[in-house]
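The values are calculated or read from the model by the stated rules, or taken from the named source; none is laboratory data. Owing to the predicted nature of the structure, the values given are computational and were not obtained by experimental measurement. Here Cβ is always computed from backbone atoms with ideal geometry, including for glycine, and neighbour counts include all displayed protein chains.
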Amino acid sequence: MRAMRNGSQQELPQLSSLTVAELKTEMESLKEPGYRAKQIIDWRNKGMLNPDDMKNIPIALRVKLAIAIVFEPLQLVQRQCSKDGTRKYLFKLTSGKQQGKMVETVFIPEEKRGTVCVSSQIGCVLDCPFCYTGTQGFDGNLTSGEIVAQVLAVKYDLLKEPVNESNAEILHSHVTHIVYMGMGEPMANETGLHESLNILLDADGLKLSQRRITVSTSGLVPQINRLGETSAVNLAISLHAASDALRDVLVPINRKYPLEQLRQCLDAYPLSAQRHITLEYVMLEGVNDRPEDIESLNKFVNRRRERINLISFNAYPGNPYEGSSKEHMNKFAKQLISKGIRATVRRSRGQDIMAACGQLKAEGIAA
């Protein structure tokens, strides 16, 4: 049943989306001391969203709050662990307009960082033909609370069960970075994106720096401009082609915002020293890995401000493409580097559990 406030159609606020000031207002309405708000937020920031875990909060207050706010907007349905240490989570939404629908989240542990890949939509509003998520269609935007709750759920899981060594590599078992690269187009959910960034960046929230958050987009130009004006986090562009003719096919939003508009937008995006924009490029055999594609990239890339991240194509059921070989990807990268373009080949993670780039999909309603 959808949680409502005072029996009206106004939905209850989610703890994961509240600031300390907003929660203090809730305390006042419940005739409780304001300092309780900071105590509750401190628990939340550790990943503790179950009120039973908040040991210094009186039981009577927990009961009152459970009527006034949504403590846990996500319910863990399934967790899968890859042989490389990557974890994929399937969550069911517990309240609001999307109650009962499903979303996937990924945690990627590395030696020096632990990255949560969050989803911003149920499915995706776009339809890029090489992405498994796009085959799901679009079933709604996530709230800021549901986006932040993904991060908190991963933090809680890591508290209970840290990541073990994988292939003799010591893996990070804490959340240090956030990437908006899961299901959906973040820029098409501006409200959820900006409000969740506020919580992640807030000094009383998760206190992450802008350098530790990356938003990936297929190239929605007005939204990129607005993001730069408000929260100049790291920016990644799902480029995949540097000619309009090919990008119109691979990234259909290019028909609305072609490369010339995107180029002007990226050149204006605020970048501080030592930062750059990442151009993501999934390599498809015989499609965008040809000599002419090297030349298109050579003309498009702003070498001073951008780098290219070459990504293996991760197959999914019914896909029409083949990925470029690792050898060809390395050769492609060297050709770009010879032209003065910074290029790297991304290490693919979580393929064995369908958690790699472009493989997320969560259809249906949980029983």
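Taking first residues from the stretch 119-147 that are in the same structural domain as GLY323 (by TED's automatic domain parsing) and without any contact (Cβ under 8 Å) to a residue 60 or more places away in the chain and partners that are surrounded by fewer than 22 Cβ atoms within 10 Å (Cβ to Cβ) and in a strand (DSSP E or B), the Cβ contacts under 9 Å between residues at least 6 apart in sequence or on separate chains come to ASP139/LYS101; GLY140/LYS101. Taking the criterion of being of a type in the set (Val, Ile, Thr) and not in a strand (DSSP E or B), the residues of the stretch 182-238 that qualify are THR191, ILE199, VAL221, ILE224, THR230, VAL233. If GLU190 meets every condition in (1) at pLDDT below 95; (2) among the charged types (D, E, K, R); (3) farther than 22 Å from SER348 by Cβ apart from one, which number is that one? Unmet for GLU190, out of (1) at pLDDT below 95; (2) among the charged types (D, E, K, R); (3) farther than 22 Å from SER348 by Cβ: (1).
One residue stands out in the stretch 10-53 among those that are part of a loop (DSSP other than H, G, I, E, B) and without any contact (Cβ under 8 Å) to a residue 12 or more places away in the chain: the one that is surrounded by the fewest Cβ atoms within 10 Å (Cβ to Cβ), namely LYS31.
Only one of the numbered conditions (1) surrounded by fewer than 24 Cβ atoms within 10 Å (Cβ to Cβ); (2) closer than 18 Å to ASN234 by Cα; (3) modelled with pLDDT under 95; (4) not basic (Lys, Arg) is violated by VAL151, and that is (3). Tell me yes or no: at least one residue of the stretch 74-85 is touching a residue at least 24 places away in the same chain (Cβ under 8 Å) and buried (at least 22 other Cβ atoms within 10 Å of the Cβ). Yes, because at least one residue in the stretch 74-85 is touching a residue at least 24 places away in the same chain (Cβ under 8 Å) and buried (at least 22 other Cβ atoms within 10 Å of the Cβ). In the stretch 1-18, how many residues are at pLDDT 95 or above and out of contact with any strand residue (DSSP E or B) (no Cβ under 8 Å at 6 or more places or on another chain)? Total meeting the criteria: 3.
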